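Engineer: Encoded as structure tokens, here's the structure I'll be asking about.
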Amino acid sequence: MLKEACVEGITEALRAQELGADRIELCENLAVGGTTPSLGTVITCKRLLKIPVIAMIRPRGGNFIYSSEELDTMMVDIRAFSEAGVDGIATGALTPEGKVDLIILRQLVKEAGIMQVTFHKAIDETADLLGEFSRLTTAGIRRVLTSGGAPTAFEGMEMLNKMLAMAGGITLVVAGKVTSGNLYDLHRLIPAKEFHGRKIVAE
């Protein structure tokens, strides 16, 4: 079972690694669900950490419907992070109708090149979670981070298990108030290979 710790900076990242995190998702502004970290933070994390770093690509809080200017910003950040040696990105984009925006997503995936791409919890904002999850199988996504459309993984357990059953080549990363205290109970109920949380290695 892989434990991905969601962190806001280098101090938290180093502490998470020390406590046993297997991978870092690096963000800023977690109060709004996470936004793109600074390039300086990314470079420092890659220099000091021994575990993989996934960097958030999200230019602002709020919805996941992006303008052409915001898309340009995301592409520039992806290029910079690729040059910094980041292992992967976490991103997502939706249409005004509540569907995955495959046009934007494919551009982001192409720009990411060899970096792993995680579609983040924007999936939980879609109108048809299973249908949109299925559509992601054509987009070059490595992972999908989700709480099954519910506030917590426990509450989304039924949907998460349905998603696991249809995941195919996509890795489901279970999120939603996952902590070091409930991780193993969750794993018994949702037999995913990867879990994600702000407190996944420490309360």
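Read-outs throughout are calculated quantities, based only on the coordinates presented, and are distinct from any laboratory measurement. Quick caveat, the model's predicted, so the values are computed rather than measured. We place every Cβ from the backbone using ideal geometry, glycine too, and count neighbours over all the protein chains shown.
Engineer: Compactness ratio of the range 1-71: Cα Rg over 2.2 N^0.38 Å, N = residue count? It would help to have the intermediate numbers written out before the result.
Structural biologist: Details: Rg = 12.8 Å, N = 71, 2.2 N^0.38 = 11.1 Å.
Taking N as the residue count of the range 1-71, the ratio is 1.15.
Engineer: Now for a different question. Please report, in whole Å³, the volume per residue of the convex hull around the C-alpha atoms of the range 59-161.
Structural biologist: Values: hull volume 10.6 nm³, N = 103.
Given the Cα convex hull of the range 59-161, per-residue volume reads 103 Å³.
Engineer: Below 8 Å between Cα atoms, with a sequence gap of 6+, how large is the relative contact order for the range 1-121 in percent? Write down the numbers at each step before the final one.
Structural biologist: On the way: 204 pairs, mean separation 24.5, N = 121.
Computed value for the range 1-121: 20 percent relative contact order.
Engineer: A follow-up question, please. Tell me the relative contact order for the range 84-131 as a rounded percent, counting alpha carbon contacts under 8 Å between residues six or more apart. Numbers along the way, then the final one.
Structural biologist: On the way: 50 pairs, mean separation 23.3, N = 48.
48 percent.
Engineer: Quick check for me: using +1 on Lys/Arg Cβ and -1 on Asp/Glu Cβ, what's the dipole size of the range 132-193 about its Cα centre, in debye to the nearest 20?
Structural biologist: Details: 7 positive and 4 negative charges, 47 e Å.
Computed charge dipole of the range 132-193: roughly 220 debye.
Engineer: Nearest-5 percent of antiparallel DSSP beta bridges in the chain? Please report the intermediate quantities before stating the final value.
Structural biologist: On the way: 2 of 29 bridges.
Of the beta bridges lying entirely in the chain, close to 5 percent run antiparallel.
Engineer: When N is the residue count of the chain, what does its C-alpha Rg come to as a fraction of 2.2 N^0.38 Å? Let's see the in-between values first.
Structural biologist: Values: Rg = 15.6 Å, N = 203, 2.2 N^0.38 = 16.6 Å.
Compared with the compact-globule rule of thumb, the chain sits at 0.94.
Engineer: Taking the Cα centre of each part, how many Å lie between the range 133-157 and the range 29-45?
Structural biologist: That distance is 22 Å.
Engineer: Just how large is the dipole of the chain about the Cα centre, in debye to the nearest 20, putting +1 at every Lys and Arg Cβ and -1 at every Asp and Glu Cβ?
Structural biologist: 500
Engineer: For the chain, calculate the relative contact order in percent as a whole number, restricting contacts to Cα pairs under 8 Å that are 6 or more residues apart. Working shown, then result.
Structural biologist: Details: 418 pairs, mean separation 38.1, N = 203.
Averaging sequence separation for qualifying contacts and normalising by length gives 19 percent for the chain.
Engineer: Taking the inverse of the average 1/r across all pairs of different Cα atoms in the range 108-202, what Kirkwood radius in Å do you get? Walk me through the numbers on the way to the answer.
Structural biologist: Working: mean 1/r = 0.0745 Å⁻¹.
After inverting the mean inverse Cα-Cα distance, the result is 13.4 Å.
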